[in-house]
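Below is one structure; the comments refer to it alone.
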Amino acid sequence: MTTGVRRRMGVEERRQQLIGVALELFSRRSPDEVSIDEIASAAGISRPLVYHYFPGKLSLYEAALKRAAEDLASRFAEPHEGPLGTRLRRVMARFFDFVDEHGPGFSALMRGGPAVGSSATNALIDSVRQAAYDQMLAHMGVVDPVPARLELVVRSWISLVESTALIWLDGRRVPRAELETQLVQDFAALAAVAAAHDEELAALLRDLLKSEPGDGPFTDLAARLISLAS
C-alpha cells in the first residue's frame, strides 16, 4: 500500500523538470505568451519556487532553448552510408518532426521572442547552424579546406530550410512529405548551379551521384527538369 507521499526532487532534477514543462508549453504557444504562473502550475509547484531554480523567465527560456537546440542539432546526424539523397531525406524528416512538435517555440526563436537578441540565444542558434553545416560536409566527405562555392551552397541551403519551415508553419499549405523532398532537391539544384562554375565541386558531385538510385530524390529532380525542357 502506497502512502501518497511525494518524493522530494533534487536541485538538478527539479531544474530539468521545469525545463521539460516549459518546452511542453512552448510547443503549444509562443514563449512570450506563457507565464511563470502557468509553468509553476504545470510543474505542481509554487511561483516563488520556480524563481528559486531560475532567476527569471528569460533564464528559464534560455535553458529550455539550450535543450531544444541540442535536440534540433542532433536531427542532422545520420550514418554516412547509402546514397546522399536518401540520407538527406531522412534528415529532413527528423527536422520537420521537430518543427511539427515545437512549432510556436521554433517560430518564436527564429522570428523573435523573449530571449532573441541575447548573446546566449544567438550562440545557441549559431551552434545549431554550425552543427548542420558540419554534418552536411561530413555527408559529402569533405574536409578542410572547404571549397568556397560549396560553403556558400551549404550555408545558403541551411538558411533556406529554416525559412521554408517558418513559412510552412503558417498554414501548412504544402504537404509536409512533399516539402521535405523538395528541400533535398533544392540542395541538389544549388549544388549543381555552383558546380557549373567550379570543376572541383563538379567532380565531387559526379562521384556522389554515382550511388544515387533510379528512384531517389536527385534522380527524380533530373527527370522533372528534363520534362520541363521538352
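The values are calculated or read from the model by the stated rules, or taken from the named source; none is laboratory data. Model, not experiment: these values are computed from the prediction. As a convention, Cβ positions derive from the backbone with ideal geometry for all residues, glycine included, and neighbour counts pool all protein chains shown. Surface accessibility is based on the protein's heavy atoms, side chains included, excluding ligands, DNA and RNA. Shrake-Rupley method; radii C 1.70, N 1.55, O 1.52, S 1.80 Å.
The GNM of the chain, with springs linking C-alpha atoms under 10 angstrom apart, assigns the highest mean-square fluctuation among Ser107, Ser211, Ser30 to Ser211. Take every Cα pair under 8 Å whose residues are at least 6 apart in sequence, average their separation, divide by the length of the chain, and the relative contact order is 22 percent. Sequentially through region 24-41, phi angles give Karplus couplings (6.51, -1.76, 1.60; θ = phi - 60°) of 5, 5, 5, 6, 9, 9, 4, x, 6, 9, 9, 8, 4, 4, 5, 5, 4, 4 Hz, Gly and Pro residues having no value and appearing as x.
Near Asp97, once Lys and Arg are set to +1 and Asp and Glu to -1 for all other residues with Cβ below 12 Å from its Cβ, the sum equals 0. Pairs of Cα atoms in region 17-61 fall into 5 Å distance bins, from 0 up to the last occupied one, in shares of 5, 26, 41, 23, 5, 0 percent. The Cα atoms of the chain cover 71, 40, 37 Å along the three principal axes, with the biggest extent listed first.
Taking every C-alpha pair closer than 8 Å and separated by at least 6 residues, the mean separation divided by the residue count of region 38-104 gives a relative contact order of 19 percent.
Taking N as the residue count of region 1-89, its C-alpha radius of gyration divided by 2.2 N^0.38 Å amounts to 1.46.
Look at the dipole of region 17-101 built from charges on Cβ: of Ala93, Val50, Ser27, the Cα furthest out on the positive end belongs to Ala93. Placing +1 on each Lys and Arg Cβ and -1 on each Asp and Glu Cβ, with no other charges, gives region 1-80 a dipole about its Cα centre of roughly 340 debye. For region 144-159 and region 173-192, compute the distance between their C-alpha centroids and round to whole Å. The distance from the Cα centre of region 144-159 to that of region 173-192 comes to 17 Å.
So the label point goes 7 Å from the Cα of Ala138 along Cα→C-beta, right? Which residues of region 202-220 then have their backbone N under 20 Å from it? Answer for this model: 208.
The peptide list 202-210, 33-41, put in order of mean Cβ contacts within 10 Å with the highest first, becomes 33-41, 202-210. Solvent-accessible surface of the chain, taken per residue with a 1.4 Å probe and all protein chains present: 53 Å².
Were the residues from Ala120 through Asp215 laid out at 0.36 nm apart, the gain over their Cα-Cα distance would be 29.9 nm. If R0 is 22 Å, the Cβ-Cβ spacing of Glu70 and Arg155 corresponds to a FRET efficiency of close to 0.60. Please check which bits of region 67-87 a label hung off Arg224 would reach, taking the label as a point 7 Å along Cα-to-C-beta and the cut-off as backbone N under 20 Å. It comes to 83-87, nothing else. Among Arg14, Arg155, Arg90, the largest mean-square fluctuation in a Gaussian network model of the chain, built with springs joining Cα atoms closer than 10 Å, belongs to Arg14.
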